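Here is the structure we will look at.
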Amino acid sequence: DIIRTIRDPEKPNTLEELEVVTESCVEVSEIGEEEYLVVIRFTPTVPHCSLATLIGLCLRIKLQRCLPFRHKV
């Protein structure tokens, strides 16, 4: 839910609407007592997307700002 509203840098749609991120691409696993690892695999809209790094950074920053400190992204 946290990342579903992030907008694509080049299009007016969200990353979820463009199927860049989906619920099935998000994994959360416990790595310690009340510590969790969050892994997100995203698929850019084109194979050689020049903004893939920016999309990854947007995902990381959004999660860091919204998740408690005990999550590792």
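Miscellaneous remarks
- Residues that are open to solvent by 60 Å² or more (accessible area, probe 1.4 Å) and touching a Ser or Thr at 6+ places or on another chain (Cβ under 9 Å) within the range 14-39 comprise Glu16, Glu19, Tyr36, listed in sequence order.
- Residues that are surrounded by 13 or more Cβ atoms within 10 Å (Cβ to Cβ) and assigned to a loop (DSSP other than H, G, I, E, B), drawn from the range 42-56: Phe42, Thr43, Pro44, Thr45, Cys49, Leu51
- Scanning the range 3-41 for residues that are among the hydrophobic types (A, V, I, L, M, F, W, C), under 19 Å from Arg65 (Cα atoms) and assigned to a loop (DSSP other than H, G, I, E, B) turns up Ile3, Ile6, Leu15, Val21.
- Boolean, Lys11 is within 12 Å of the chain's Cα centre (by Cα), open to solvent by less than 90 Å² (accessible area, probe 1.4 Å) and at negative phi: no
- Test: residue in the range 43-51 that is in contact (Cβ under 8 Å) with a residue 24 or more places away in the chain and either charged (D, E, K, R) or in contact with a helix residue (DSSP H, G or I) (Cβ under 8 Å, 6 or more places away or on another chain) (or both): yes
The values are calculated or read from the model by the stated rules, or taken from the named source; none is laboratory data. Remember, it's a predicted structure, so these values are computed and weren't measured experimentally. So basically every Cβ, Gly included, is an ideal-geometry build from the backbone, and we count neighbours across all protein chains shown. With ligands, DNA and RNA removed, areas are computed over all heavy atoms of the protein, side chains included. Shrake-Rupley method; radii C 1.70, N 1.55, O 1.52, S 1.80 Å.
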